[in-house]
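Report on the structure given below.
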């Protein structure tokens, strides 16, 4: 989109993205037979694995902490992605096309970070990747707060992209260890639900707050979400390390 915006042809940008998404749907439709006959519940030999109710899953030790961490993550990632261009134009004074390129760099940071984290998963524990990603996110938000030239401040969004990259897959991968194989299906469903809820409500909530104050609120809003995620994750990790309600 930044490429097409720079050329003044946003309609062609939307058309190109639409064509790519239709192509993706076509590929998935044509490959649907590859997914037939795969029964997830039969792989574990116990068809009752996924019978835990949402209410029972919420009662599991530390489940609420895990859900808070997922909300903090989704608010951070989705809000940063959706409001980066507006912030760079309204606060840093960038041209819209330049701001769009930096917004694309945020998603580029996620892409690069996911590729790197795929290799880091071999060497590092999930908790280390989660913690490291959260620290990088915090540094990105702090960089946005500093009175720096616009191009340097914009690097904060790149750091936010890099930081968020390993967190979501690592937290999902930790679910069976945290709550046990039998409960992981139900807990996973709750985690995905609250993540999408946070991603849906977080950006418009910031928009409402910004309309009452200023777009300069964005880095503070992001830092609050990051700290919420970090505190919930650290409390969960420490309680599991002490064996408080740890899954067998």
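The values are calculated or read from the model by the stated rules, or taken from the named source; none is laboratory data. On a predicted model such as this, the values are computed, not experimentally measured, just so you know. Glycine also receives a Cβ, built like all others from the backbone with ideal geometry; neighbour counts cover every protein chain displayed.
This table checks each residue for (1) assigned by TED's automatic domain parsing to the domain that holds residue 111; (2) more than 23 Å from residue 117 (Cα to Cα); (3) under 14 Å from the mean Cα position of the chain (by Cα); (4) assigned to a helix (DSSP H, G or I).
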residue	(1), (2), (3), (4)
141	yes, no, no, yes
147	yes, yes, no, no
157	yes, no, yes, yes
182	yes, yes, no, yes
190	yes, yes, no, yes
206	yes, yes, no, yes
210	yes, yes, no, yes
221	yes, yes, no, yes
226	yes, no, yes, yes
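Residues in segment 164-176 include at least one that is closer than 24 Å to residue 90 by Cβ and either in the same structural domain as residue 75 (by TED's automatic domain parsing) or surrounded by fewer than 21 Cβ atoms within 10 Å (Cβ to Cβ) (or both). The number of residues in segment 69-125 being farther than 19 Å from residue 146 by Cβ and under 13 Å from the mean Cα position of the chain (by Cα) comes to 17.
Among 243, 199, which is part of a loop (DSSP other than H, G, I, E, B) and over 25 Å from residue 119 (Cα atoms)? Step by step, each of 243, 199 is checked, and only 243 is part of a loop (DSSP other than H, G, I, E, B) and over 25 Å from residue 119 (Cα atoms).
The rows are residues; the columns are (1) modelled with pLDDT under 70; (2) in contact with a strand residue (DSSP E or B) (Cβ under 8 Å, 6 or more places away or on another chain); (3) under 19 Å from residue 180 (Cβ atoms); (4) surrounded by 11 or more Cβ atoms within 10 Å (Cβ to Cβ).
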site	(1), (2), (3), (4)
1	no, no, no, yes
6	no, no, no, yes
14	no, no, no, yes
17	no, no, no, yes
34	no, no, no, no
38	yes, no, no, no
41	yes, no, yes, yes
55	no, no, yes, no
58	no, no, yes, yes
